[in-house]
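The values are calculated or read from the model by the stated rules, or taken from the named source; none is laboratory data. Since we're looking at a predicted model, the values are computed, not measured. Backbone-built Cβ (ideal geometry, glycine too); neighbour counts: all protein chains shown.
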Amino acid sequence: MHLSRRFTYCAAAFMVLTAHLFPQAGISPIDIERAGQSGWQFLKINGDARQASMAGAYTAIGSGNASSVFGNPASLADVTNADIRLNALQWVADIDHQSIAAAYSLGDFGVVGVSLAMLDYGDIPETINAPAGSSGTTPLITGNMFTANDMAAGLSYARKVTDNLSIGGNVRWLQQEIAGLAMRNWSLDFGTMYYTGFRSLRVAITARNFGPDSRFGGWSEEYQSESDNVRMPLDFRAGIAMDFLEEEGGPHLLTVILEGDHPNDGREKFHIGTSYTYEKMFFLRGGYKFNYDVQRFTFGAGMHYAFGEMKGTVDYAYVDFGVLTQVHMFSLGFSL
């Protein structure tokens with residue numbers, strides 16, 4: 001029975017991943033462009049440097065911490081006592097992103113967590129259309145400034161159902177605000193992590209950003225219409241991972257992760273991430289993103305250290321955005 005169940009999980013993950021790479025023979029895929037069909041785009045930003053340095057292949061990383069709420073919430077079940085993570089980065093166009101997550105183990109009753117992610121667009125110059133009758137069509141800068149920001153606050157829960165299977169989920173309250181106009185919503189995330197029993201081989205599935213449509217405003221007398229519905233950026237992922245060089249008591253560990261991503265507002269994507277560990281203290285990580293417009297390489301490093309009964313973690317990630325910019329990410333962690 002256990003062998004059959006393990007085979008089913010592995011086969012399902014294998015079929016999802018290979019479907020992204022190898023189309024069916026004799027059938028030409030239909031090129032459907034779904035870009036721009038959803039809002040709440042800040043939910044796609046994962047501020048955790050560890051996950052980002054491995055090309056964002058977070059589903060089957062394992063060894064989860066409080067920042068698992070931003071990736072696969074099932075990995076939150078790996079927290080054994082208390083854990084706090086602080087993440088900071090400057091996104092493209094000088095956009096600031098900060099997030100914090102905390103988790104606490106309830107023993108056999110699972111792990112609970114809270115999180116907060118914020119995006120600040122800074123001051124933006126106000127522009128208006130050229131007045132009627134004026135020469136030229138270039139928008140005019142009024143000299144006034146406005147700002148915009150996004151926020152997601154969440155509650156999380158994860159539990160080990162068996163020694164091999166973990167499940168988890170998030171419920172989040174969301175807000176976007178621009179120039180005093182606000183939109184609010186809620187979302188649900190789900191995740192699973194299954195260790196097959198063959199060495200460290202594991203498969204994982206996540207489904208993120210389930211929620212209703214929302215609007216920025218109601219009826220506009222000026223435009224005699226309502227604002228359009230804003231859809232949630234649904235995201236489905238399946239991943240498989242395995243550790244190598246894992247000799248008992250050995251100093252080296254190499255983790256390789258393969259992941260397929262199916263969003264509702266863009267092309268299918270594929271991620272490959274690797275992590276090398278020395279003495280469970282020093283980490284070198286890298287990854288590559290396939291089928292993205294500008295993102296490609298990622299790499300990073302990390303270090304674990306201890307002071308008293310508390311353990312600390314410092315992680316760094318570099319994400320290449322091609323012609324746009326390069327993003328540098330930093331994460332600090334504290335656990336008991």
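Once the range 72-94 is narrowed to residues that are in a strand (DSSP E or B) and either of a type in the set (K, R) or more than 17 Å from the chain's Cα centre (by Cα) (or both), the residue that is nearest to F236 (Cα to Cα) is R85. For residues that are under 16 Å from A57 (Cα atoms) and in contact with a His (Cβ under 6 Å, 6 or more places away or on another chain), scanning just the range 266-302, find the one that is surrounded by the fewest Cβ atoms within 10 Å (Cβ to Cβ). Looking at residues that are under 16 Å from A57 (Cα atoms) and in contact with a His (Cβ under 6 Å, 6 or more places away or on another chain), I get E268. Starting from residues that are over 20 Å from the mean Cα position of the chain (by Cα) and assigned to a strand (DSSP E or B), keep the ones in the range 232-248 and report whichever is surrounded by the fewest Cβ atoms within 10 Å (Cβ to Cβ). This residue is F244.
The listed residues are L188, L245, and the only one of them that is at pLDDT 95 or above and among the aliphatic types (A, V, I, L, M) turns out to be L188.
Listed conditions (1) assigned to a strand (DSSP E or B); (2) under 20 Å from A74 (Cβ atoms); (3) over 24 Å from the mean Cα position of the chain (by Cα) are all met by G143, apart from (2). Scanning the range 149-166 for residues that are among the hydrophobic types (A, V, I, L, M, F, W, C) and either in contact with an Asp or Glu (Cβ under 7 Å, 6 or more places away or on another chain) or more than 14 Å from S63 (Cα to Cα) (or both) returns M151, A152, A153, L155, V161.
Residues that are within 17 Å of L201 (Cα to Cα) and crowded, with 24+ Cβ neighbours inside 10 Å within the range 49-75 comprise A57, Y58, T59, A60, I61, G64, N72, A74, S75, listed in sequence order.
Note on the range 249-265: among residues that are among the charged types (D, E, K, R) and closer than 15 Å to A55 by Cα, the one that is surrounded by the fewest Cβ atoms within 10 Å (Cβ to Cβ) is D261.
Every listed requirement among (1) modelled with pLDDT of 75 or more; (2) within 30 Å of M242 (Cβ to Cβ); (3) not aliphatic (A, V, I, L, M) is met by Q24 save one, (1).
Restricting S53, S115, S68, S99 to residues that are at pLDDT 85 or above and touching a Leu at 6+ places or on another chain (Cβ under 6 Å) narrows the list to S68. Total residues in the range 138-166 satisfying the condition of being closer than 23 Å to I84 by Cβ and among the aliphatic types (A, V, I, L, M): the figure is 5. The C-beta contact set for the range 67-90 (first residue acidic (D, E), second residue not in a strand (DSSP E or B), distance under 6 angstrom, 6+ apart or interchain) comprises D78/S63; D78/G64; D83/N65; D83/A66. Could you please let me know if S187 is in a strand (DSSP E or B), of a type in the set (G, A, S), within 22 Å of F236 (Cβ to Cβ) and touching a Lys or Arg at 6+ places or on another chain (Cβ under 8 Å)? Taking the combined requirement at face value, the residue satisfies it. Scanning the range 191-208 for residues that are modelled with pLDDT of 95 or more and either assigned to a strand (DSSP E or B) or out of contact with any strand residue (DSSP E or B) (no Cβ under 7 Å at 6 or more places or on another chain) (or both) returns G191, T192, M193, Y194, Y195, R202, V203, A204, I205, T206, A207, R208.
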